[in-house]
Amino acid sequence: MSDTNPDDPCSGKISALFTRVAKHVFGFFLMVVLCNVTHYLLRPFSQPRITSDTFVGLLIGNLRIVHGFFDISAAQTLRFIIDFGMICYMFVLGIEMDPYVLFKLPTKDATVAYAGMLSTFILAGAITPFLNYTQEFKMSFSLTLSTALSSTASPVLTRLITSHKIGKSDIGQLVIAAGMHSDFISTLLISIGYIAYPIREKPSGKSRLQDSMEMTIALVIQTAITAKVSPIIMNWVNNENPEGKPMKGSHLVLAVAFMALVSSCSTVYGFSPILSAFMAGIFLPSEGRVSKWVISKINYLLSTIFYPIFFLWMGFEADFRQFEPGQMGTWARLFLLFLIATVGKVAGTVLSGVLLGFHWPESFALGLLLSTKGHYQIYLAIAAEAAGTISTSTSTVMVIAIFFTVVHAPTVVAYIIKRARKRAPTHRMALQSLDPSKEVRILLGVHGPQDAPTAINFTEISRGTADPGIAIYLTDMIELTDNIAATLVRGDEEDTVTVTDQSVTEMREQVTAAAQAYIDHNSDGVKLRRLLALSTFSGMSQDICLLAEDLMTALIILPFHKRQRADGTLDAGHPGFRYVNRKVLRNAPCSVGILVDRGLGLVEKISRSYTSLNVAVIFISGKDDREALAYAGRVACHPGVKLTVIRFLVENSSENTTRRAGSHRINVAEQEEEMKQDDECFAEFYERCVAGGQVAYMEKHLANSAETYSTLRSLEGQYALIIVGRGGSVNSVLTVGMNDWQQCPELGPIGDVLSGSDFSVKTSVLIIQTNNVRGELDGLDEDFSIM
């Protein structure tokens, strides 16, 4: 058998082919790595991925070695890949659009979008013809450029808004909706304009009128088929393949084939395949399993494979060697292009903001965000150069200008968040941050007359000093039943009703009489106001939270859903009130306390001349325990209360601490920060209350949660009331594993043990949770309102 001839021309071609393929694959992976690394480095600046991708693409694509890789055939193949990727990109963009907004009255977001587009289009149409972007004036190019400048890259803008956690705010929703409107209208205008001014590589041999008529008819037929037939086919496929079951391959092939068919109808007569995909996409159903599957798969393909290739192609085509930096006209075209895109949008949004009653800083920010451009605008800039309409220098200028429209967007979002924080209520509704010179406001809930004695004793021990005093909002929590609803009488003012149900009025009168009797004898520093939370259990938590927000209370106290029987044990409880408690804990604007009453209301009178009540507060770690300690500081001011602070500390000599913590994934850095805040808070409390002998103090050095449980059991019967923090988010070695067997998770691990049926029947428990910071905007709710 003879050896293979190394000089065989076939073998040499195969070797050269594999070498070229290996180089291109290596270049692709290098581009992916560099884009990811650059995005990671720019993450502290909150830059979107398109910023790092554009930067890397311009840098790598202009390397001499990269230009050596791509000969004419390779560059043509790359262009085919880019065209196919943009077809997919525009198809998905079209699916996410709603074409029927054109037939509806303009909403606020539509008004903002149209105003920004119109002002930018007018400004661009007036200025760009004099900047010599083309060798000679071309109406088609001037109109297309003006339309592109007035557009918005909605995918880029949406991703930017959601990544900064303001997508739920009013301005975030407005920006996203206005961006979608702007993107849809501008791309639709470009699609219609292509019919009048088509770009062809080879002449068709027909008149422009004939070409336009053929494309118009083909596009109308394609649109009609897509709008009428696609819902039938897609709904049938969706019904045959319900969620939770594997999608049948034949049905999936049918749906994808139909999408490909309707996207290519008008291309037969010379219409752009990219714009044809967009026009087909906008009339395809956006809901349903098939559409969601197509969107997710194409987006995954674009983000993982297409975008690195796209930006490499962009850098390859935007050749810096032909940038002509020595000419003033190059820089004039660059800066004026950027100014037109931003100033035009800002002018339109500020004007529309005046008409809609927006604050001008927010209107200004809207314009800057809506000037964001993206992948499609970059493609148009390169495509114009490939068609010979503009020079490489002008094309590069456009790409750089597009890059600058994205770079400033994170700064604008940060400015919006900063202004929202300034305009948010400055009242920190928590006891820890309360101004000592201001009265404490507490919303105290009761289920009925049986809770009145407990509410009175709680008010007594919480009153603190006479100056500044305490304001108690005693609130009846009553379920709105059909019988009660039938007795409601509407008042003269809006949203006011009078309850005429006899059982409700009698119950409220009993609570009011008991509370008033207490105030008559203890009015010094105590203000009391009666409120009513009359609602179904599903809506009662919202009513309570709104009351607390309107009254700016620092603390909400809710009765535990279980009641003590005659033998001292707790009953099964009321599921409706448990639901209310859990919802309030989740959504309250201030701190919340759950009061498990096991005899606190039986204390006839808490004397102010001698000690009549033993109270303890358990301090382990975390913001909830710090809030409980802040409340205990008020209790310590009462002369009839003997307060003991019990601090649970981790035993340093324990060999198992590290292992136990590591097995439960305790965040060391987070725990160190919590310990620092704990020590500062406790040191201040110790100096103020313990050092002077006003409060007793003891430490318990424990190694694990088992010892914590044993220590809690040892406290049985020693105190009439134990105050603890809920500690829902604290990773402590001393409570690890206790969550696994909780009966009432809303009480936290410590509160659940103390309120258990096997604990003391004479010890009440108060579990306190400080206000949660919803979202990730450092104290600002994600659904903030600023407009």
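The values are calculated or read from the model by the stated rules, or taken from the named source; none is laboratory data. Note that this is a predicted model, so its numbers are computed, not measured. Because the Cβ atoms are built from the backbone with ideal geometry, glycine has one as well, and the counts that use them run over all protein chains shown. Keep in mind that these areas ignore ligands, DNA and RNA; they rest on the heavy atoms of the full protein, side chains included. Shrake-Rupley method; radii C 1.70, N 1.55, O 1.52, S 1.80 Å.
If DNA, RNA and ligands are ignored and the probe is 1.4 Å, what is the ranking of D183, D567, D170 by accessible area, most exposed first?
Working: D183 5, D567 110, D170 45 Å².
Largest accessible area first, the residues go D567, D170, D183.
In plain terms, if you count all Cα to Cα distances in the stretch 277-357 and split them into 10 Å steps from zero, the share in each step is 13, 19, 23, 32, 12, 1 percent. Suppose we look only past 16 Å in the calculated P(r) of the stretch 531-615. What percent of the Cα-Cα pairs does that tail hold? Of all Cα-Cα pairs in the stretch 531-615, 61 percent lie more than 16 Å apart.
Counting pairwise Cα distances across the stretch 494-576, what percent come out greater than 17 angstrom?
On the way: 2280 of 3403 pairs.
So the portion of pairs separated by more than 17 Å is 67 percent.
All Cα-Cα separations within the stretch 43-198 were binned at 10 Å from zero, giving a P(r) of 9, 27, 34, 24, 6, 0, each value a whole percent of the pairs. For the pair T481 and I192, label points projected 7 Å from Cα toward Cβ lie 6.2 nm apart. Reported to the nearest whole Å, the Cα centre-to-centre distance from the stretch 684-723 to the stretch 749-769 is 14. Exposure check, 1.4 Å probe, all protein chains in place: W331 carries approximately 90 Å² of accessible surface. Over all Cα atoms in the stretch 1-134, the spread is summed up by Rg and Dmax: 23.7, 82 Å. For the chain, what is the percent of antiparallel DSSP beta bridges, rounded to the nearest 5? Taking every DSSP beta bridge with both residues in the chain, the antiparallel ones total about 15 percent.
The packing ranking, built from the mean of other Cβ atoms within 10 Å per residue, places the peptides 31-38, 187-194, 67-74, 673-680 in the order 187-194, 31-38, 673-680, 67-74, highest first.
Over all distinct Cα-Cα pairs of the stretch 91-176, the Kirkwood formula returns a hydrodynamic radius of 15.1 Å. Taking the Cα centroid of the stretch 376-427 and of the stretch 27-96, what is the distance between the two, rounded to the nearest whole Å? Comparing the Cα centres of the stretch 376-427 and the stretch 27-96, I get a distance of 17 Å.
Show me 636-648, 430-442, 120-132 ranked by packing, highest mean number of other Cβ atoms within 10 Å first. Can you show the working numbers first?
On the way: 636-648: 19.8, 430-442: 16.5, 120-132: 18.1.
Most protected by this proxy first, the peptides run 636-648, 120-132, 430-442.
Near L531, the amide H atoms lying under 5 Å from its own belong to L474, T475, D476; only residues 5 or more places off or on other chains count, and H is placed 1.01 Å from N.
The accessible-area ordering, largest first, of the residues T487, T394, T19 stands as T19, T487, T394, per a 1.4 angstrom probe. In order along the stretch 502-513, phi translates into HN-Hα couplings of 5, 5, 5, 5, 5, 4, 5, 5, 5, 5, 5, 5 Hz, rounded to whole numbers, per the Karplus curve 6.51 cos²θ - 1.76 cosθ + 1.60 with θ = phi - 60° and x for Gly and Pro. Remark: for residue pairs K438/K700; K527/K623; K13/K373; K165/K292, the C-alpha separation exceeds 32 Å in K438/K700; K13/K373. With all pairs of separate Cα atoms included, the stretch 355-493 yields a Kirkwood hydrodynamic radius of 22.2 Å. If you count only protein heavy atoms and use a 1.4 Å probe, how large is the accessible surface of T111, to the nearest 10 Å²? Accessible area of T111: about 50 Å². Distance between the modelled labels on N299 and D319, one decimal in nanometres: 3.8 nm (7 Å Cα→Cβ projection).
What shape does the stretch 187-254 have by the C-alpha gyration tensor, where a ≥ b ≥ c are the square roots of the eigenvalues, rounded means a/c under 1.5, and otherwise prolate means a/b greater than b/c and oblate the rest?
It is prolate, given that a/c is not under 1.5 and a/b is the larger ratio.
For the chain, the alpha carbon convex hull comes to 270 Å³ per residue, rounded to a whole number.
In the chain, the calculated helix contribution to ellipticity at 222 nm averages -18000 deg cm²/dmol per residue, counting -39,500 (n - 2.57) for every DSSP H run with n ≥ 4.
Taking the Cα centre of the stretch 333-463 as origin, work out the dipole magnitude from +1 charges on Lys and Arg Cβ and -1 charges on Asp and Glu Cβ, in debye rounded to 20.
Numbers: 12 positive and 6 negative charges, 58 e Å.
Charge dipole, the stretch 333-463, about its Cα centre: 280 debye, nearest 20.
For the stretch 455-612, count the residues as N, evaluate 2.2 N^0.38 Å, and divide the Cα radius of gyration by that value, please.
Values: Rg = 16.8 Å, N = 158, 2.2 N^0.38 = 15.1 Å.
Dividing the Cα Rg of the stretch 455-612 by 2.2 N^0.38 Å gives 1.11.
For L336, the accessible area of its heavy atoms, probed at 1.4 Å with every protein chain present, is near 60 square angstrom.
The modelled label-to-label distance for the pair D170/R419, using points 7 Å beyond Cα in the direction of Cβ, is 1.3 nm. Relative to the Cα centre, the charge distribution of the chain, modelled as +1 at Lys and Arg Cβ and -1 at Asp and Glu Cβ, gives a dipole magnitude of about 1460 debye. Stretching E680 away from R713 to a fully extended chain increases their span by 9.0 nm, per 0.36 nm per residue minus the current alpha-carbon distance.
How much length is gained on full extension from R608 to L102, taking 0.36 nm per residue of separation minus their Cα-Cα distance? The partial results should precede the final answer.
Values: separation 506, 0.36 × 506 = 182.16 nm, distance 7.30 nm.
Residue separation times 0.36 nm, minus the Cα-Cα distance, leaves 174.9 nm.
From the protein chains alone at 1.4 Å, what is the descending order of accessible area for S286, S760, largest first?
Ranking S286, S760 by accessible area, largest first, yields S286, S760.
Placing one equal scatterer on every Cα of the stretch 150-273 and applying the Debye formula, the log10 ratio I(q)/I(0) at q = 0.21, 0.22 Å⁻¹ is -1.06, -1.08. When you count the other C-beta atoms within 10 angstrom of each residue and take the mean per peptide, 91-102, 366-377, 502-513 line up highest first as 366-377, 91-102, 502-513. Quote the FRET efficiency, to the nearest 0.05, computed for D520 versus D435 with a Förster distance R0 of 30 Å and r equal to the Cβ-Cβ distance. The computed FRET efficiency comes out at 0.55.
Ignoring ligands, DNA and RNA, please state the percent of accessible area on the chain from carbon and sulfur, probe 1.4 Å. With neighbouring chains kept in place, the figure for the chain is 58 percent.
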